[in-house]
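What follows is a single structure, and I will ask about it in a moment.
The values are calculated or read from the model by the stated rules, or taken from the named source; none is laboratory data. None of these values were measured; they are calculated from a predicted model. Quick reminder, even Gly has a Cβ in these numbers, built from the backbone with ideal geometry, and neighbours come from all protein chains shown.
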Amino acid sequence: MRDVSRSRRRSPARAAGDAGGSNSTTTDMAQQQGSEHNGASGSIEAAAKGDAALRRDLLREMLLIRRFEERCAEAYAIGKIGGFCHLYIGQEGVGVGAISALREDDYVIASYREHGQALARGISARAVMAELFGRVDGCSKGKGGSMHLFDRNVNFLGGHGIVGGHLPIATGVGFAIKYRGGDQVCVCFFGEAAVNNGAFHEALNMAALWKLPVIYLIENNRYGMGTALERASAINDIAERACSYDMPSEVVDGQDVLAVRAATMRALQRARGESIPTLLEVRTYRFMGHSMSDAVSGTYRTKEELEEHMKRDPIVVLRMMMEQEDGWTDADMSKLDEEIKALVQDAWDFADASPEPPLEALYEDVLVDTTS
Amino acid sequence: MAIITYRDALNQALREEMQRDDRVFLMGEEVGVYQGAYKVSKGMLQEFGEMRVVDTPITELGFAGVGVGAAMVGLRPIIEFMTWNFALLALDQVVNSAAKTLYMSGGQYPMAMVFRGPNGAALQLSAQHSQAWESWLAHIPGLKVVAPGTPYDAKGLLKSAIRDDNPVIVLEGEMLYNTKGEVPENEEVVVPLGQAEVKREGTDVSFITWGKMVLVANQAAEQLAKENIAAEIVDLRTLSPMDVDAIATSVSKTNRAVVLEEGWSVAGFGAHVADFIQRECFDDLDAPVVRVHQEDVPMPYAKNLERAAKPDAKKAVAAAKKVLYLE
């Protein structure tokens, strides 16, 4: 079956370069509004909104993640997926919007809630599902699991399980890009709780000090596990932390996939053109519990709060725009949904049929047997 | 044959490997403008420039992670810790990222990088600056660990570490930097990882040791020689992977073993060596294996207490006599 992720990423007129001659430098460190107030130059906004085909691709990608994650919950419940499993439902607009702006040779690195970014980056649904099932055809050969998805073919540098731990790694990727004189960019996804971690400070300070092409993308879903942002951070407008590093920042509405794409394009332009890092605070919301063992609501957030946020479902937001702009119909939606469901079923079947890793794999890849 | 310091041997290794491979760079605190806290990188900023000899803020976790990221995309970083005592802040990157990424990515991301710096106690630096970390580091699958005790091995092991496609820990010693030894000038000095060396031949007792303790073992062997006891010194040089054959060969010859290490006894690397010997050399042993190590206390400042805490030649001689049933 055709892999929608890959086909989308390779289709024309999607790369950040589309922004063309924009000289947008409007990012304002003090800016606290959503992206609709960004006032960026028209060309990036236009490129970000693109045409009906782009919007359809973004919708398709978000829907793939949504349906994929729903099946993950089901697989977890019947024991096909084990360990920790953190779902991306509600946050699809963030990963899809940001990654849609990247070039194929850019790098993506993420935390442990990374199924969505992995799919958006182009790891096949089959390879991700097989990894979650702990099977040999998984993108990490079944040895990483939900929190450690990797794929060298699409420059997906992993799912990392220690909060904040991958931020300095992203800085190092930026360092290597600059060392080689390249013009790639590294995009680093992490939750808002990581900004309270020392690694955040160390990573951003060096990236700004050395002017490295890295976009630090905070997925502010309001809760670090069960601890609300305002119970953990002395500053609630966390993009303001960029001031400490004299780093450009922007606050973005994460439920608007096109706004995320536009903000990412602006950050990419700074990173590629001037080797300047950016802190993007993308405000979103997680519709599920922290992990599969966490109730959706009840302890640290109310049902009412959850329902209020679910009104701004990123899929619904884009779909409504498409109904207005592109004449998108319920029939179109049903057709797409059926297609995606079939794709995810195929991924499930593939994963289920894939063998467990052979026992010899236990001692493989501890060390490599080479020198250079 | 030139006689050079351990410090200069490391400097030669760094410079030769950076000349050989432009993916190799040195990063750490004070490695550039200051010329190295212990002058190991003297002259390198001038030779290679600031992109390849990179001064960092005091941010061990951060720049260890920068090394990991650079290694993931194909560079070959050498991360210098001013001392391994400060590296504890960086262990999350060393353990969770450098050591495990190859495995958890199913073999996709080798981590060709070196973490190096002085390890263990110097003189009167007190508790926080006087710790030997090899037991912690050798414990971790996915890392190689070397601890050179001579200038020749320092040069040869560091060069091999830089060429190896795995994360390699290089444990140097502040008290070793000024020590001198023979290092040939006009030939390539490369010591393969994983190979021990018999530094002194003997028939009566085996000292199994590494790093700074090789010097202590030598002093002990000299004293024992005066009493007609011939001690053999097996310098492991690489702790992980450990050269088990070299240990077994020596123990089968002397039938008595003393494991000499700089760090604490509890769960120390020496316990791992002793475990191997009792399991694989049981029939060769004429006495239980004895360990010499730092006393199990934080390192005290006072000169007399520090001396009492450290493993030394006197303790090593006593241990040798114990396994020979002479005391």
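Looking at B:275, B:235, B:243, can you tell me which residue is modelled with pLDDT of 95 or more, of a type in the set (Asp, Glu) and farther than 16 Å from residue B:146 by Cα?
Only one candidate qualifies: B:275.
OK, next. Of the residues B:170, B:198, which is away from chain A (no Cβ under 14 Å), within 19 Å of residue B:67 (Cβ to Cβ) and either part of a loop (DSSP other than H, G, I, E, B) or within 19 Å of the chain's Cα centre (by Cα) (or both)?
Unique residue meeting the criteria: B:170.
Residue by residue through region A:121-152, note down the ones that are at the interface with another protein chain (Cβ under 10 Å from one of its Cβ atoms) and charged (D, E, K, R).
Of everything in region A:121-152, those that are at the interface with another protein chain (Cβ under 10 Å from one of its Cβ atoms) and charged (D, E, K, R) turn out to be A:131, A:141, A:143, A:151, A:152.
Something else about it: State all residues of region A:172-190 that are among the β-branched types (Val, Ile, Thr) and either at pLDDT below 95 or part of a helix (DSSP H, G or I) (or both); if no residue qualifies, say none.
Within region A:172-190, A:173, A:177 meet the criteria.
Is at least one residue of region A:191-209 out of contact with any Ser or Thr (no Cβ under 7 Å at 6 or more places or on another chain), more than 8 Å from chain B (Cβ to nearest Cβ), modelled with pLDDT of 95 or more and part of a strand (DSSP E or B)?
For region A:191-209, residues out of contact with any Ser or Thr (no Cβ under 7 Å at 6 or more places or on another chain), more than 8 Å from chain B (Cβ to nearest Cβ), modelled with pLDDT of 95 or more and part of a strand (DSSP E or B): absent.
Give me a count of the residues in region A:143-166 that are part of a helix (DSSP H, G or I) and within 20 Å of residue B:77 (Cα to Cα).
The qualifying residues number 2.
Applying the selection to region B:210-266, what residues are of a type in the set (Asp, Glu) and crowded, with 23+ Cβ neighbours inside 10 Å?
B:232, B:235, B:261, B:262
Answer with yes or no whether residue A:325 is over 30 Å from residue B:105 (Cβ atoms), among the charged types (D, E, K, R) and exposed (fewer than 14 other Cβ atoms within 10 Å of the Cβ).
Yes, satisfied.
Moving to a separate point now. Does residue B:271 count as farther than 19 Å from residue B:132 by Cβ and surrounded by fewer than 22 Cβ atoms within 10 Å (Cβ to Cβ)?
Spelling it out, it is not the case that residue B:271 is farther than 19 Å from residue B:132 by Cβ and surrounded by fewer than 22 Cβ atoms within 10 Å (Cβ to Cβ).
Right, something else. Can you name the residue in region B:116-146 that is touching an Asp or Glu at 6+ places or on another chain (Cβ under 8 Å) and of a type outside the set (Gly, Ala, Ser) and, of all such residues, is nearest to the other protein chains (Cβ to nearest Cβ)?
Here the residue is B:144.
So if I check each of B:253, B:314, B:322, which one is assigned to a helix (DSSP H, G or I), touching a strand residue (DSSP E or B) at 6+ places or on another chain (Cβ under 6 Å) and among the basic types (Lys, Arg)?
Just one listed residue meets the conditions, B:322.
Next question, about the same structure. Can you name every residue in region A:357-372 that is more than 7 Å from every other protein chain (Cβ to nearest Cβ) and exposed (fewer than 15 other Cβ atoms within 10 Å of the Cβ)?
Matches in region A:357-372: A:358, A:359, A:360, A:362, A:363, A:369.
Taking region A:210-226 only, how many residues are surrounded by fewer than 24 Cβ atoms within 10 Å (Cβ to Cβ), in contact (Cβ under 8 Å) with a residue 40 or more places away in the chain and within 14 Å of chain B (Cβ to nearest Cβ)?
Residues in region A:210-226 being surrounded by fewer than 24 Cβ atoms within 10 Å (Cβ to Cβ), in contact (Cβ under 8 Å) with a residue 40 or more places away in the chain and within 14 Å of chain B (Cβ to nearest Cβ): 1 in total.
Sticking with this one: Output the number of the condition that residue A:320 fails; it satisfies all remaining conditions of (1) of a type in the set (A, V, I, L, M); (2) away from chain B (no Cβ under 14 Å); (3) in a loop (DSSP other than H, G, I, E, B).
Of everything listed in (1) of a type in the set (A, V, I, L, M); (2) away from chain B (no Cβ under 14 Å); (3) in a loop (DSSP other than H, G, I, E, B), residue A:320 misses just condition (3).
Has region B:6-26 got at least one residue that is part of a loop (DSSP other than H, G, I, E, B), within 9 Å of chain A (Cβ to nearest Cβ) and surrounded by fewer than 21 Cβ atoms within 10 Å (Cβ to Cβ)?
Among the residues of region B:6-26, at least one is part of a loop (DSSP other than H, G, I, E, B), within 9 Å of chain A (Cβ to nearest Cβ) and surrounded by fewer than 21 Cβ atoms within 10 Å (Cβ to Cβ), which makes the answer yes.
OK, next. Across region A:71-127, what is the number of residues that are free of Cβ contacts under 8 Å to residues at least 60 places away in the same chain, farther than 22 Å from residue A:166 by Cβ and buried (at least 24 other Cβ atoms within 10 Å of the Cβ)?
Final tally of qualifying residues: 0.
Report those helices (runs of 4 or more DSSP H) wholly inside region B:35-105 carrying at least 3 residues which are over 21 Å from the mean Cα position of the chain (by Cα), facing chain A (nearest Cβ under 10 Å) and crowded, with 18+ Cβ neighbours inside 10 Å.
B:60-72, B:101-104
Being acidic (Asp, Glu) and exposed (fewer than 14 other Cβ atoms within 10 Å of the Cβ), is that true of even one residue in region B:304-312?
For region B:304-312, residues acidic (Asp, Glu) and exposed (fewer than 14 other Cβ atoms within 10 Å of the Cβ): absent.
Name every residue in region A:104-120 that is within 14 Å of another protein chain (Cβ to nearest Cβ) and either assigned to a helix (DSSP H, G or I) or not acidic (Asp, Glu) (or both), in order of residue number.
Those that are within 14 Å of another protein chain (Cβ to nearest Cβ) and either assigned to a helix (DSSP H, G or I) or not acidic (Asp, Glu) (or both): A:107, A:108, A:109, A:110, A:111, A:112, A:118.
Given (1) facing chain B (nearest Cβ under 9 Å); (2) surrounded by 23 or more Cβ atoms within 10 Å (Cβ to Cβ); (3) part of a loop (DSSP other than H, G, I, E, B); (4) among the hydrophobic types (A, V, I, L, M, F, W, C), identify the lone condition not met by residue A:169.
All conditions are met except number (3).
Note down all Cβ pairs under 7 Å where the first residue falls in region A:309-331 and is in contact (Cβ under 8 Å) with a residue 60 or more places away in the chain, the second is in a helix (DSSP H, G or I) and among the β-branched types (Val, Ile, Thr), and they're at least six residues apart or on different chains.
A:314/A:257; A:318/A:257
May I ask you to list the residues in region B:124-152 that are within 10 Å of the chain's Cα centre (by Cα) and either part of a helix (DSSP H, G or I) or over 24 Å from residue B:15 (Cβ atoms) (or both)?
B:132, B:133, B:134
Just checking, how many residues over region A:57-106 are in contact with a helix residue (DSSP H, G or I) (Cβ under 7 Å, 6 or more places away or on another chain), of a type in the set (Lys, Arg) and more than 28 Å from residue A:279 (Cα to Cα)?
2
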